[in-house]
1. Mind listing whichever residues of segment 41-69 are within 16 Å of the ligand (Cβ to nearest atom), polar (S, T, N, Q) and not in a helix (DSSP H, G or I)?
2. Is one or more of the residues making up segment 4-15 within 15 Å of the ligand (Cβ to nearest atom), assigned to a loop (DSSP other than H, G, I, E, B) and open to solvent by 20 Å² or more (accessible area, probe 1.4 Å)?
3. Are any residues in segment 216-244 more than 20 Å from the chain's Cα centre (by Cα), outside any helix (DSSP H, G or I) and within 16 Å of the ligand (Cβ to nearest atom), and if so, which ones?
4. List pairs: first in segment 185-213 and open to solvent by 10 Å² or more (accessible area, probe 1.4 Å), second in a loop (DSSP other than H, G, I, E, B) and of a type in the set (Ser, Thr, Tyr), Cβ under 6 Å, 6+ apart or cross-chain?
5. Sort out for me the helices (runs of 4 or more DSSP H) sitting completely within segment 70-134 that have 3 or more residues that are in contact (Cβ under 8 Å) with a residue 40 or more places away in the chain and either among the charged types (D, E, K, R) or open to solvent by less than 100 Å² (accessible area, probe 1.4 Å) (or both).
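The values are calculated or read from the model by the stated rules, or taken from the named source; none is laboratory data. Everything numeric in this text was worked out from a predicted model, so none of it was measured. A quick note on method: Cβ atoms are made from the backbone with ideal geometry, for glycine too, and the neighbour counts reach across all protein chains shown. With ligands, DNA and RNA removed, areas are computed over all heavy atoms of the protein, side chains included. Shrake-Rupley method; radii C 1.70, N 1.55, O 1.52, S 1.80 Å.
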Amino acid sequence: MQSEPIISVKNLTKKFGHFTANDALTFNVYPGEIFGFLGANGAGKTTAMRILCGLSKPTGGDAYVAGYSVKKSSEAIKKRIGYMSQKFSLYEDLTVEENIRFYGGIYGLKRKDIMNRMEELLDRLGIQSIRHQIIRSVPTGWRQKLAFSIAILHKPVIVFLDEPTGGVDPAARRQFWELIYEAADNGITVFFTTHYMDEAEYCDRVCIMTEGRIVALDTPDNLIKWHQCNTIEDVFIKLARNRE
Ligand SMILES: Nc1ncnc2c1ncn2[C@@H]1O[C@H](COP(=O)(O)OP(=O)(O)OP(=O)(O)O)[C@@H](O)[C@H]1O
């Protein structure tokens, strides 16, 4: 039997004036899943993710994240999730260590827990030697891994990643995916948006959006099989053509 969803989205709609950015989205995400949200620029991915993070309210429908309604309990949601934006959300003028301590404080962790988790994080990423370096001088690939590790410092049940792999080279992206798998193995649900079609194939399930609507949602293998394609990129192109 399938477990209870950790994210349950029902007819979620977001309008900006007369423009519909999210049109009656309905889907579930299950605990420990790596769930990819795929779509071209402007498809409505960030808009939906911001609502699921409790940062914006829907204009219709509702969604439950870790059991809490995005309409009624956004503060409870914020405490239970991690979030990493395209810009990695780190303070450029602070050192690696200062960023970890700062976010630990924001998450409400006790000083002792922050110190323990910081040492654990620096060891795991192998970056003890750059702990006093300011972020601006840290290479992008390291910054990205650090930002992700900080986003899960408080052990959230879900981590939301908004195009986290933009602007980094393929080797760094591969290392980053190892961190994502490790988090999922530890029971953290991973919800992320991407433009990179090859990354979609690393997900447990992929949701493809076009113009604010869900046009496909399944495992990468099933999507490829049912659409008689060789890759997710081919599926995406086929679905986009069908709408023209
Ligand atoms: N605050 C806003 N006011 C008006 N329109 C908005 C607002 N935020 C987003 N939009 C519009 O909603 C649509 C969806 O935007 P969104 O950022 O969710 O797309 P996306 O799929 O995340 O694209 P990208 O990959 O470029 O980030 C776009 O046409 C955008 O211009």
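1. Across segment 41-69, the qualifying residues are Asn41, Ser56, Thr59.
2. Going residue by residue through segment 4-15, those that are within 15 Å of the ligand (Cβ to nearest atom) are 9, 12-15.
The next check asks that each one be assigned to a loop (DSSP other than H, G, I, E, B); those that pass are none.
Checked against the condition, which is being within 15 Å of the ligand (Cβ to nearest atom), assigned to a loop (DSSP other than H, G, I, E, B) and open to solvent by 20 Å² or more (accessible area, probe 1.4 Å), segment 4-15 yields no hits at all.
3. Result: Arg243, single match.
4. Cβ pairs passing all conditions: Arg205/Thr219.
5. Details: elements: 74-80, 96-106, 111-125.
Because the criterion is at least 3 residues that are in contact (Cβ under 8 Å) with a residue 40 or more places away in the chain and either among the charged types (D, E, K, R) or open to solvent by less than 100 Å² (accessible area, probe 1.4 Å) (or both), the helices (runs of 4 or more DSSP H) in segment 70-134 that meet it are 96-106.
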